[in-house]
1. Name the pairs whose Cβ atoms lie under 7 Å apart, with the first residue in segment 120-131 and in contact (Cβ under 8 Å) with a residue 12 or more places away in the chain, the second outside any helix (DSSP H, G or I) and not acidic (Asp, Glu), and 6 or more positions between them or separate chains?
2. Just one of (1) open to solvent by less than 10 Å² (accessible area, probe 1.4 Å); (2) within 15 Å of the chain's Cα centre (by Cα); (3) within 12 Å of Ile4 (Cα to Cα) trips up Met29, so point out which.
3. Which ones in segment 10-26 are buried (at least 24 other Cβ atoms within 10 Å of the Cβ), out of contact with any Phe, Trp or Tyr (no Cβ under 9 Å at 6 or more places or on another chain) and modelled with pLDDT of 95 or more?
4. Open to solvent by 20 Å² or more (accessible area, probe 1.4 Å), within 16 Å of the ligand (Cβ to nearest atom), among the aromatic types (Phe, Trp, Tyr) and assigned by TED's automatic domain parsing to the domain that holds Leu20: is that true of Tyr170 in this structure?
5. Got a number for residues in segment 183-193 being part of a loop (DSSP other than H, G, I, E, B), within 7 Å of the ligand (Cβ to nearest atom) and out of contact with any His (no Cβ under 9 Å at 6 or more places or on another chain)?
6. Quick one: which of Ala64, Ala68, Ala44 is open to solvent by less than 30 Å² (accessible area, probe 1.4 Å), without any contact (Cβ under 8 Å) to a residue 40 or more places away in the chain and within 15 Å of the ligand (Cβ to nearest atom)?
7. Within segment 280-291, count every residue that is more than 9 Å from Ala67 (Cα to Cα) and open to solvent by less than 70 Å² (accessible area, probe 1.4 Å).
8. Looking only at residues in segment 3-19 that are more than 6 Å from the ligand (Cβ to nearest atom) and part of a helix (DSSP H, G or I), which one is farthest from Ala139 (Cα to Cα)?
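The values are calculated or read from the model by the stated rules, or taken from the named source; none is laboratory data. Since this is a predicted model, take the numbers as computed values, not measurements. Backbone-built Cβ (ideal geometry, glycine too); neighbour counts: all protein chains shown. Calculation scope for accessible area: heavy atoms of the full protein, side chains included, ligands and nucleic acids excluded. Shrake-Rupley method; radii C 1.70, N 1.55, O 1.52, S 1.80 Å.
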Amino acid sequence: MGRIFSGIQPTGNLHLGNYLGAIRNWVNMQRAHESLFCIVDLHALTTHPEPQKLQEHIREVAAAYIAAGIDPEKSYIFPQSSVPAHCELAWIFSCLTPLGWLNRMIQFKEKAGKQREQANLGLYAYPVLQAADILIYKATHVPIGEDQKQHIELARDIAGAFNRQYGQDYFELPEPIILKTSARIMSLRDGTVKMSKSDSSDYSRINFLDDTDLIAHKIRKAKTDSDPISGKPEAMEHRPEALNLLGIYATLANLTLEEVCQQFEGSTFAPFKKKLIEQILAEMDPIRKRMIDLLKDQTTIDTFLKKGSDKARSLAFHHIKEIQDIVGFLSL
Ligand code: AQP
């Protein structure tokens, strides 16, 4: 039984991509692994949230985890900021990470865009903190979406750099788990960009808290084309929005894309969208209802978060003491 670590930023608008690409898979994994599911609020600071909104979004992510089936008694659900050792280790790693490694990070280039000079140091150093998030718990496995692969490779490189610098195999290199069931969900308005919390258009995504009517409306409005569905996914490569909707259906129904294309071959998108709406509602409606119930009771959410934080802190504290000793800090 390994130990897994993963997390989501509390930046609001938690969406179907976060669910199908991450949370849904974690629910199954927690049965076989000791699991830490973090709410990475330190990372969220790179986007300068209003303090009150940040608190609200942290509780929303916690409620979403629990509503989707993460068991707060078994797995650790906690905000990153409640375990100071993440930052302590991030500093030690910062001193071992060459700038050249960070300059290669695609996500920084994408997120900073043309405003590179204005981008904050936190965004640039994000993958170093992410490496610390994982390694402070000596996590053996990290379930991630395809988009996070480069960051996990960097975490492995940093772990290797630490081991070499201090001449011991302290860190085992964490393995990324990129599941077949972990679909990359694209925007409902542009099938070439991923569904994202920060997209300015709410019609680009299905949010966890969207009600039945809104979900149906968003899917009906989702961009498609007037051609019928082909029986082969390869024949639709130039139709990214169409492929995305078929992919969402396939993931929810636990089918392959080929099977879904065959099932709907020759159909236009209007009848397909009706079926897709049914699939999404069947999965997301009960989660939304549980989430709303949980959010009415802030004390219970905070109790779960406190419990998760206590467990995470105690594990991290043990490791940071060993690490401080290895690097030569005095134990006072
Ligand atoms: N569209 C997606 N399809 C599949 N998986 C996705 N994930 C995010 N978007 C999709 C997965 O969700 C986990 C946590 O993501 P995050 O919120 O920490 O950061 P992100 O990847 O930057 O997510 P967003 O929605 O794009 O947020 P913003 O807009 O705030 O940057 C990861 O496992 C990720 O793979």
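1. Close Cβ pairs (under 7 Å, with a partner that is outside any helix (DSSP H, G or I) and not acidic (Asp, Glu)) amount to Pro127/Met105; Val128/Thr97.
2. Checking Met29 against (1) open to solvent by less than 10 Å² (accessible area, probe 1.4 Å); (2) within 15 Å of the chain's Cα centre (by Cα); (3) within 12 Å of Ile4 (Cα to Cα), the one that fails is (1).
3. Result: Pro10, single match.
4. Values: open to solvent by 20 Å² or more (accessible area, probe 1.4 Å): yes; within 16 Å of the ligand (Cβ to nearest atom): no; among the aromatic types (Phe, Trp, Tyr): yes; assigned by TED's automatic domain parsing to the domain that holds Leu20: yes.
The answer is no for Tyr170.
5. Here is the first cut: in segment 183-193, the residues part of a loop (DSSP other than H, G, I, E, B) are 183-185, 187-193.
Cutting the leftovers down to within 7 Å of the ligand (Cβ to nearest atom) gives us 183-185.
When the remaining residues are screened for being out of contact with any His (no Cβ under 9 Å at 6 or more places or on another chain), the result is 183-184.
Residues in segment 183-193 being part of a loop (DSSP other than H, G, I, E, B), within 7 Å of the ligand (Cβ to nearest atom) and out of contact with any His (no Cβ under 9 Å at 6 or more places or on another chain): 2 in total.
6. Working: Ala64 fails: without any contact (Cβ under 8 Å) to a residue 40 or more places away in the chain; Ala68 fails: without any contact (Cβ under 8 Å) to a residue 40 or more places away in the chain.
One residue alone meets the criteria, Ala44.
7. Going residue by residue through segment 280-291, those that are more than 9 Å from Ala67 (Cα to Cα) are 280-285.
Those left that are additionally open to solvent by less than 70 Å² (accessible area, probe 1.4 Å): 280-281, 283-285.
Of the residues in segment 280-291, 5 are more than 9 Å from Ala67 (Cα to Cα) and open to solvent by less than 70 Å² (accessible area, probe 1.4 Å).
8. Selected residue: Leu16.
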